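Notes for the one structure printed next.
The values are calculated or read from the model by the stated rules, or taken from the named source; none is laboratory data. None of the values given here were measured: they were computed from a predicted structure. Glycine gets a Cβ as well: all are built from the backbone with ideal geometry, and neighbour counts include every protein chain shown.
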């Protein structure tokens, strides 16, 4: 058995590596640099944690968020690894004591923020470790934060090139769960990883079902969606702080345990709400994008978006927080015409340079195309990340293929209405003109006299909104930020308007939420696309009483120690315990997720729970 595999089993309780983990670990142990792109839940942390234990000295892990550092350190301490963090939440005395532990060789890993790492004080500490040969490696987590085109850009990440300049002989590993080709190249360039080996795992998360609903009555639609996720933890993303507060309050009135999270809340409230979410409770976190990075909660069963994200990368990153345990999860989004207008306005009105605006428009166009696709959403998503895929049978377009119709004439009518009204009005007014509604505004501008007035009576408001949304998504129209979102024709609309080409559109869906198979029935549909789960998971219903008892025991231990429940044991480990019913400490060591330290610490108590709940009847 190799040292890396022995460490994996002894410390972390697993008998084999997944995907490219072993290759990445061997490469880093040998002193090589690496860029690792691996989906959320794919085991990125082990790729640097095991080399940190096998190389001499202390590994320095750069992490962007305090919560992420704390969760990682809590989990490592549980398995007996000497780890700590340095961040702004610590007082001077505690930080100094932690620094002294690093200098004394008492820590295997130290987690730091990029701001802390780049201080003269910490660089001096690194210099001393380097002189003494006690600097094991650098790991840069959430490396996509270095990209100015990315959705989580952190300016201080750019300065991490100093690691390569000051310590060129120390191996570095940069890790991210999402990055398109442009972002990957920027990570390589800005971090000086030109000679690094690149490891790209599949971006596919087959246990996540992707669903997009045409926004009609978003609160009612959200309620109908949540009806399939009672007593489960999830995240609801909103674009604004105000909408977060209002949605959380409304969900609470509906009987859900819903908490808000955004940058406008004080730090104590954010921390309190996050900790309640991380505990083993069915909490719904209603949040802006300020919440999520580094949230390692494995049993998030759904992620819902009430507003359109900024890009496909952002969407993939946010929805990737669901189903980290491999069990079925859903990503649901309500999407409407106003989303397109708002995002285009934000881009146009931003102070960014024209090149950055061009990139952001391209990313938004890709996301809109994904929303409006008539093909498999997973195929589209994976193709965006340069990965080939087959239809998944686990997204709305696979399970309920949209109806396609020849929308050429409807599109020409819509474009003509925009043109004849002077390209100064939004979709609502144009729909009134097309449907022949002589509203006060229509009469004010005399638009009831236009040839296009009333030519669209064959479609209702819902149908016309779908047409305008798709014209925006395909780039035939754009929303002018300077004219309050007025819809204007682009050059690519001219051939269609002149009758030189045709256009196929997806039919507006009926105003009902489709009910698809839930839970394990849903996951069975995609088993052929991923390795099968363990027998213990497949038969979890049989073992429900013992699993409930183990959960109760785990929750008590978590409360005692002030850590999230999954830090004690993951759900998957509880299922394995219930199925295998070990009778000794040695047998416990064969259960995935239980290494030597956890067996020593919790073995007797776990065996007691198992015996108490499943004593043989004589």
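The residues of the range 300-312 that are closer than 14 Å to residue 377 by Cβ and either free of Cβ contacts under 8 Å to residues at least 12 places away in the same chain or touching a strand residue (DSSP E or B) at 6+ places or on another chain (Cβ under 6 Å) (or both) amount to a single one, 305. What about residue 456, is it touching a helix residue (DSSP H, G or I) at 6+ places or on another chain (Cβ under 7 Å), surrounded by 16 or more Cβ atoms within 10 Å (Cβ to Cβ) and under 19 Å from residue 509 (Cα atoms)? For residue 456, the condition - touching a helix residue (DSSP H, G or I) at 6+ places or on another chain (Cβ under 7 Å), surrounded by 16 or more Cβ atoms within 10 Å (Cβ to Cβ) and under 19 Å from residue 509 (Cα atoms) - is met. Put simply, of 489, 496, 472 the only residue that is at pLDDT 90 or above and in contact with a strand residue (DSSP E or B) (Cβ under 8 Å, 6 or more places away or on another chain) is 489.
Restricting 352, 438, 466 to those that are more than 26 Å from residue 207 (Cβ to Cβ) and assigned to a helix (DSSP H, G or I) reduces the list to 466. The single condition from (1) modelled with pLDDT of 85 or more; (2) farther than 15 Å from residue 238 by Cβ; (3) out of contact with any strand residue (DSSP E or B) (no Cβ under 7 Å at 6 or more places or on another chain) that residue 315 fails is (2). For first residues located in the range 109-129 and in the same structural domain as residue 86 (by TED's automatic domain parsing) and closer than 24 Å to residue 76 by Cβ, partners that are at pLDDT below 90 and part of a helix (DSSP H, G or I) and lie 6+ apart or on another chain with Cβ distances below 6 Å form the pairs 111/69; 114/156; 114/157; 115/156. Pairing each residue of the range 484-500 that is more than 19 Å from residue 338 (Cα to Cα) with any residue that is modelled with pLDDT under 90 and surrounded by 12 or more Cβ atoms within 10 Å (Cβ to Cβ), provided the two are 6+ apart or on different chains, yields C-beta distances under 6 Å for 492/475. Residues being within 16 Å of residue 134 (Cβ to Cβ) and touching a strand residue (DSSP E or B) at 6+ places or on another chain (Cβ under 9 Å): count how many of those fall in the range 54-102. Residues that pass the stated criteria total 15. Within the range 165-187, being part of a helix (DSSP H, G or I) and surrounded by 19 or more Cβ atoms within 10 Å (Cβ to Cβ) holds for 183, 184, 186, 187. Which of the residues that make up the range 66-108 are closer than 25 Å to residue 279 by Cβ, free of Cβ contacts under 8 Å to residues at least 12 places away in the same chain and either assigned to a helix (DSSP H, G or I) or in the same structural domain as residue 593 (by TED's automatic domain parsing) (or both)? Hits for the range 66-108 are 77, 94. Residues of the range 255-275 that are more than 17 Å from residue 303 (Cα to Cα) and either more than 20 Å from the chain's Cα centre (by Cα) or surrounded by fewer than 18 Cβ atoms within 10 Å (Cβ to Cβ) (or both): 255, 263, 264, 265, 266, 267, 268, 269, 271, 272, 275. Scoring residue 180 on the criteria (1) at pLDDT 95 or above; (2) within 24 Å of residue 19 (Cα to Cα) leaves a single failure, condition (1). Selection of the range 468-482 for residues being farther than 18 Å from residue 308 by Cβ and surrounded by 14 or more Cβ atoms within 10 Å (Cβ to Cβ) yields 476, 480. Among the residues of the range 417-433, write down those that are crowded, with 20+ Cβ neighbours inside 10 Å and either in a helix (DSSP H, G or I) or not assigned by TED's automatic domain parsing to the domain that holds residue 477 (or both). Of everything in the range 417-433, those that are crowded, with 20+ Cβ neighbours inside 10 Å and either in a helix (DSSP H, G or I) or not assigned by TED's automatic domain parsing to the domain that holds residue 477 (or both) turn out to be 417, 418, 427, 429, 430, 431, 432, 433. Residues in the range 310-323 that are surrounded by 23 or more Cβ atoms within 10 Å (Cβ to Cβ) and in a loop (DSSP other than H, G, I, E, B): 5 in all. Of everything in the range 203-229, what is farther than 15 Å from residue 336 by Cβ, touching a residue at least 40 places away in the same chain (Cβ under 8 Å) and surrounded by fewer than 18 Cβ atoms within 10 Å (Cβ to Cβ)? Give them in sequence order. Matches in the range 203-229: 224, 228.
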